[in-house]
Every structure is written in structure tokens, then in C-alpha cells.
Amino acid sequence: MEVHHHPHAKGKGFKHYLFEFFMLFLAVFCGFLAEYQLEHKIERDRERQYISSLTSDLKDDTLIITNHIEDIENGALLFDTLSTLLISPDTAKKYGATIYYTSRMGIRQSPLANNSRTFDQLKNSGGFRLIRKQETADRIMKYYSLFPELRMMESIYNTENAAFKEAASHIMDHSIYQKQINTDGTVKRLQGELELLSYDSALLRQLGFYAVEMNGSRMGMKPLLQKMKLAAVELLKYLQSKYHL
């Protein structure tokens, strides 16, 4: 029987394997680059979204701080009048209506309700890692570092506010206070001769003292609020310039 010998198939050369390895490496590397670029773009987009949202918050803060400064100035004027009218029982008897109005309106001051929504998100979610420029992160942190000092001053004011109300409860007739309130919650100035519960000189002067103390705390907040407003404006301009918003 004749035996047929089959020729051996020619094996793949080294260059062919090297080419296949290179192509596989190139495909993996290009995929890695594409994924990296996509992730990088997503982070840049998120950074820009955060900055855009932060500029909106700063615009709110600028208006809120401006109005808050005006409220402080108006309240201080009312309490200046009140403290003057409480110097003596004779003066208090002449200006009962003004005392009721200034004591009710002058005390009205709420804490500064700034918009920290975006800053809180950046801080709590680790979003600051998306801020590429260290200068930007530093400027943002510097602005918001001003608020703890204000909160401390507000706390002191609130303590004085409570003391003022306690002193006022011995002088002011609550039924007159009730008549001052309009249906929408605003305070109106009543006409006529309104009597106080007491014209005791010591009680009047004590109430006047708390009015002066509260004004001192108020006016102490004013320079800090002005500094905060300037910082908000400067940070807003910086972010709009750097991020072309």
C-alpha cells in the first residue's frame, strides 16, 4: 500500500504574533483613552454645572445681604428712638403710641438666610475634587468661612433679644400688641394715647438698656455684612471670568 505524506502547515511567524499583540494592545489602549476622555469630560461638565449653580447662589446672597443691611439700619433707627423715649416716665407717658410701635418693629430681625445650597453639595459630596484650579477652591472656601463669625454674632443678638422681651413683658400691654398686628402679619401704628403697664423708672431704663445693647450687636454685624457682600461680588466676578459664564 502506498503511503501519502501530507506536508506540514507552515506555522505563524514571530512578526505575525507581534503584530497581533500590538493590535490588541492598541485596541485596549484606545479604549482606555476614550473612557478616560469621557470621564474627564463628564467631570469638567460637572465642575461647570457646580460653578454655574454657585454663581446663582452668590447673586442671591448679594441681594439678601443688601436687604439685611437695610433691615439692620432701619431697626437700629427705631431702637434709637425707643431708648430715647424710655429715659424718663414723663417722656414715656407722652409717647406711648411711638413706644409700642418702635418696640414691636425694632425687634424684628431674622438671621441672614443666605443661599449655601451649592457649597453644601460641594462639601458633603466631595465635589471639591472636581474644582481643577486650587485658587478657585480657595476663594470659595474663603467666602463661606465668613459665615461662622456672623452666626456667633447672631447668637449673642438672640440672647439680648430674649432679655429685651422679658423686660418688655413688664411694661407693654399684650392686648395693645395684639391690636397692632394686621391680618397679613405686618405691624401697624395705632393712634391715640396708649398707656404702658408700668412707668417705673428702673423698668423703663432696663428696657432702654437692652435696646441699646441690641443696637450695638446690630451695628457690629454691619461691617462684617458689608465685607461679605464685597466678597460675594468679587467671587462672582472671578467665577464668571474664569469659567466664561
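The values are calculated or read from the model by the stated rules, or taken from the named source; none is laboratory data. Bear in mind that the values here come from a model prediction, so they are computed numbers and not experimental data. Neighbour counts run over all protein chains shown; Cβ positions are idealised from the backbone, glycine included.
Things worth noting here:
- Candidates Phe209, Phe164, filtered to the one that is aromatic (Phe, Trp, Tyr), crowded, with 17+ Cβ neighbours inside 10 Å and closer than 20 Å to Arg108 by Cα: Phe164
- When Leu122 is tested against (1) within 18 Å of the chain's Cα centre (by Cα); (2) surrounded by 15 or more Cβ atoms within 10 Å (Cβ to Cβ); (3) among the aliphatic types (A, V, I, L, M); (4) modelled with pLDDT of 90 or more, only condition (4) is not met.
- Per-region count, the stretch 103-112, residues within 20 Å of the chain's Cα centre (by Cα) and at pLDDT 90 or above: 1
- The lone criterion from (1) touching a Gly at 6+ places or on another chain (Cβ under 8 Å); (2) in contact (Cβ under 8 Å) with a residue 60 or more places away in the chain; (3) in a helix (DSSP H, G or I) left unmet by Leu78 is number (2).
- Restricted to the stretch 125-154, and to residues there that are loosely packed, with under 12 Cβ neighbours inside 10 Å and of a type in the set (Ser, Thr, Tyr), the residue that is modelled with the highest pLDDT is Ser145.
- Residues of the stretch 119-136 satisfying the condition of being part of a loop (DSSP other than H, G, I, E, B) and touching a residue at least 12 places away in the same chain (Cβ under 8 Å): Ile131, Arg132, Lys133
- Residues of the stretch 178-188 include none that is small (Gly, Ala, Ser) and surrounded by 14 or more Cβ atoms within 10 Å (Cβ to Cβ).
- The set of residues in the stretch 81-118 being surrounded by fewer than 19 Cβ atoms within 10 Å (Cβ to Cβ), in a helix (DSSP H, G or I) and among the charged types (D, E, K, R) consists of Asp90, Lys93, Lys94, Arg117.
- Among (1) touching an Asp or Glu at 6+ places or on another chain (Cβ under 9 Å); (2) outside any helix (DSSP H, G or I); (3) under 30 Å from Gln49 (Cβ atoms), the one test that Lys229 misses: (2)
- Total residues in the stretch 160-196, condition at pLDDT 95 or above and among the aromatic types (Phe, Trp, Tyr): 1
- Of the criteria (1) among the aliphatic types (A, V, I, L, M); (2) assigned to a loop (DSSP other than H, G, I, E, B); (3) without any contact (Cβ under 8 Å) to a residue 60 or more places away in the chain, which one Leu194 fails: (3)
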